[in-house]
Amino acid sequence: MKRVVIIGAGFGGLRAARGLAGKGFEVWLLDRQNYHLFQPLLYQVATASLDEDSIAQPVRSIVRGWDGVQFRLTEVEGVDAARRQIITREGPFSYDYLVVAAGAATAFFGLNSAAEHAYELKGLDDAIILRNRILSAFERALLEDDPALRRALLTFVVIGGGPTGVEFAGALAELVNRVLVKDYPRELIDETRIVLVEMAPYLLAPYAEKQREYARRRLERMGVEVRLGSAVKDVLPDRVVLDDGSDIPSFTVLWAAGVEAAPLAGQLPAERARGGRVPVQPDLTLPGHPEIYVIGDMAYLEQDGQPLPQMAPVAMQMGEYVARHIVARERGRSIPPFRYRDRGSMAVIGRSAAVARIFGRRFRGFIAWVIWLVLHLLQLIDFRNRLLVVISWAYDYLLFERKVGLIMRAGTARPLGPENLLDTPIAGSEQAGARAYAAPDAHPR
C-alpha cells in the first residue's frame, strides 16, 4: 500500500485527505496544531465576536471515519526529496507521494520593525492576544491621566486595505461603538481612533470600483479613518511612521498588508517565485519531482496570464484535484491539468454591509452581507461550529452585545512595546519624558 503524506491540515490538506480516503492509500495528515482553523473568521475572535472554539475543530474528529487516513501531530522541519523523506522533530517519515499544503505566513516586505512591533492575524494565538490587547488598552486608558498617552492607547492602526484589514477595521469599529460604549465613559469612546492605512489609492484591490468606494464610505461612516496612498516607513513600539513624514501615535498595530509562502517552501527542491511561492507544473507537481505536489498558498501557478490568488477556494480546489490526480496515476489514467473555477469572493465591512462577487455578478450592502453569512456558515466543517457561530452572530445582531469579553493572560510570552520606553515621550505629547504605557499582555513571537 502506497503512502501519501500531506503536510498541513488546512483547507487544501483536508480536501486532499478526504479525496484519498478509501482509495487504497495509507494517508498521513501532518500538522503542528491538532485542529483545523477556519481562518476567514479569525478577525471575529480578535474583536470579541466569536469564541476561539467556534472556528476550530480537532483534526482527529474531522478525519474520524475517513478510511486509511491517519493524523500525526508534528512539525515538519525539512524535505529530503532524494530519499523521499520528510524530516520532523520525531524523526524522518518516508512517502511515495508528498502533498505540501503548509499555507502562508505574514509578509512584512523587509520591514523588520513591523515584524517586531506589529500584531499579525494568522493563528488562534494571534487572535486571542490581539483581543487581549484591545480590551486591555481600554482598561489602561481609563486609568491614564496623560491626554497624549490616553489617545495613543485608544488609537488602533490597521495596515493593509485588503479583505483582512477592511473586515478587522469594521469589526473593531462595531465593537467600540456598539458594545464597549455601554461599559466605558462616553468621553473614552469619543477619543478612540481607528486608522486604516493602505498604500494603494483604493481599498479591496480585486473588487470593482463601485464596491471599493462603497467599502471606503461605509468604513468612514462607522468612524474609521481611511488613509489611502500612504506607505508605512516604520513601526515603532509607540507609533507608526508614514512615508510622508507624519506619524500616528499608537500602541496597537495590526499588520494585514500581505502574505508569503510558509517557510517550509524554502526546504523544497524548487525555485521560488514572488512571495516565496513555489512554481508548480499544471498538474501541481514540482518540476523534476512528479511525486511531490504543492498546493494552496505555497503554490505559484498562472492562469489566464495571472497568478492564482492565495485564497481558501483555490486551496480547496487544488486539494481535490491532487487527490483525483494521484488516484488516476495509480490506475494508469490521466486527467486534464488543474484549472481554478472562480466562483467569486466577498468581504464583510460591518453590520448588514458587505461586498461580494458571485459567478460574475456583483453585490453590495445587505444582500452581499446575507450571502457572506450563508456561505461562511456552509464552509464551517462541523455542525457544532455552525451552531456556535449562528448563536453568537444572532446574539450580537439582536442585542448589540458581544459574548466574548475576557482578558486572558495565560500563555503569553515576550512583551510587546512601550514598557521598555519609560523615558521616551509619545509623538505629540506635551510632557517630554512622560511614562509610557506598560503593556498588559505579550506578543506571541
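The values are calculated or read from the model by the stated rules, or taken from the named source; none is laboratory data. This structure is a prediction, so every number in the text was calculated from the model and none was measured. We place every Cβ from the backbone using ideal geometry, glycine too, and count neighbours over all the protein chains shown.
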Being at pLDDT below 95, in contact with a strand residue (DSSP E or B) (Cβ under 7 Å, 6 or more places away or on another chain) and closer than 17 Å to T164 by Cβ: is that true of V259 here?
yes
Among the candidates R341, R357, which residue alone is exposed (fewer than 14 other Cβ atoms within 10 Å of the Cβ) and either in contact with a Ser or Thr (Cβ under 9 Å, 6 or more places away or on another chain) or without any contact (Cβ under 8 Å) to a residue 60 or more places away in the chain (or both)?
R341
Kindly establish whether A200 is out of contact with any helix residue (DSSP H, G or I) (no Cβ under 7 Å at 6 or more places or on another chain), within 30 Å of R362 (Cα to Cα) and either not aliphatic (A, V, I, L, M) or not in a strand (DSSP E or B) (or both).
yes
What strands (runs of 3 or more DSSP E), lying completely within segment 281-377, carry at least 1 residues that are more than 30 Å from D96 (Cα to Cα)?
344-350, 353-358, 361-364
Output the number of the condition that A270 fails; it satisfies all remaining conditions of (1) surrounded by 19 or more Cβ atoms within 10 Å (Cβ to Cβ); (2) out of contact with any Leu (no Cβ under 7 Å at 6 or more places or on another chain).
(2)
Of the numbered conditions (1) within 24 Å of R274 (Cβ to Cβ); (2) out of contact with any strand residue (DSSP E or B) (no Cβ under 7 Å at 6 or more places or on another chain); (3) touching a residue at least 12 places away in the same chain (Cβ under 8 Å), G110 fails exactly one; give the number of that condition.
(3)
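Residue by residue, here is whether (1) assigned to a loop (DSSP other than H, G, I, E, B); (2) within 27 Å of M316 (Cα to Cα); (3) at pLDDT 95 or above; (4) in contact with a strand residue (DSSP E or B) (Cβ under 7 Å, 6 or more places away or on another chain) holds:
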| position | (1), (2), (3), (4) |
| --- | --- |
| K122 | yes, yes, no, yes |
| I128 | no, yes, no, no |
| N132 | no, no, no, no |
| L149 | no, no, yes, no |
| V158 | no, no, yes, yes |
| V166 | no, yes, yes, yes |
Residues of segment 173-197 that turn out to be in a strand (DSSP E or B), β-branched (V, I, T) and in contact with a helix residue (DSSP H, G or I) (Cβ under 8 Å, 6 or more places away or on another chain), as a count:
1
Go through the residues of segment 129-152 one by one and say whether even a single one is within 20 Å of S49 (Cα to Cα), surrounded by 19 or more Cβ atoms within 10 Å (Cβ to Cβ) and of a type in the set (K, R).
yes
Confirm whether R217 is touching a Ser or Thr at 6+ places or on another chain (Cβ under 7 Å), within 20 Å of R351 (Cα to Cα) and modelled with pLDDT of 95 or more.
no
All but one of (1) at positive phi; (2) free of Cβ contacts under 8 Å to residues at least 12 places away in the same chain; (3) not basic (K, R) hold for G258; which doesn't?
(2)
